[in-house]
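Working notes, beginning with the structure itself.
The values are calculated or read from the model by the stated rules, or taken from the named source; none is laboratory data. This is a predicted model, so every value here is computed, not measured. Here the Cβ is made from the backbone with ideal geometry for all residues, glycine too, and neighbour counts use every protein chain on show.
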Amino acid sequence: MTSDQAAVFGMVRECVADVFGISPDSVTPATRLGEDLGADSLDLVEIVSRIEARSGIVVEPSRLTSVTTVGDACTALAADDADDADDADDADDADDADGADGALGTDAAG
């Protein structure tokens, strides 16, 4: 596991533990949200809300359809983070193409 993956897992583990009132040490990548923790749809919404609040990453609902374990949640979060980074790069590229300064949103000549 890379340091980025470990950081994502640590954050997700803390969010899951907070929602269910359990020790973070008892949450592993293989922990099944439904079967092991008894998570329902409201629990999943709470977990996602906490993750979004801590990370600033907006988790796309379509990514959650295949999430059954904590590890799946980490993978979905990493995918959304990569998508957000790509979107930011695309926006910077568009700013560069029209002569705008991406940091200030002002015309470089102005």
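Tabulated results
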quantity	calculated
Checking GLU52 against (1) charged (D, E, K, R); (2) surrounded by 14 or more Cβ atoms within 10 Å (Cβ to Cβ); (3) touching a helix residue (DSSP H, G or I) at 6+ places or on another chain (Cβ under 9 Å), the condition it does not meet	(3)
Number of positions in region 1-27 that are closer than 19 Å to THR68 by Cβ and more than 17 Å from the chain's Cα centre (by Cα)	4
Residue within region 17-40 that is exposed (fewer than 13 other Cβ atoms within 10 Å of the Cβ), of a type outside the set (Lys, Arg) and at pLDDT below 90 present	no
Enumeration of residues in region 1-60 that are of a type in the set (A, V, I, L, M) and part of a loop (DSSP other than H, G, I, E, B)	MET1, ILE22, VAL27, ALA30, LEU33, LEU37, ALA39, ILE57, VAL58, VAL59
Extreme residue, nearest to ALA78 (Cα to Cα), among residues of region 1-19 that are in contact with a helix residue (DSSP H, G or I) (Cβ under 7 Å, 6 or more places away or on another chain) and among the acidic types (Asp, Glu)	GLU14
Any hit, region 41-55, residues being at pLDDT below 90 and under 22 Å from ASP4 (Cα atoms)	yes
Residues located in region 56-68, provided they are within 19 Å of VAL27 (Cα to Cα) and surrounded by 18 or more Cβ atoms within 10 Å (Cβ to Cβ)	VAL67
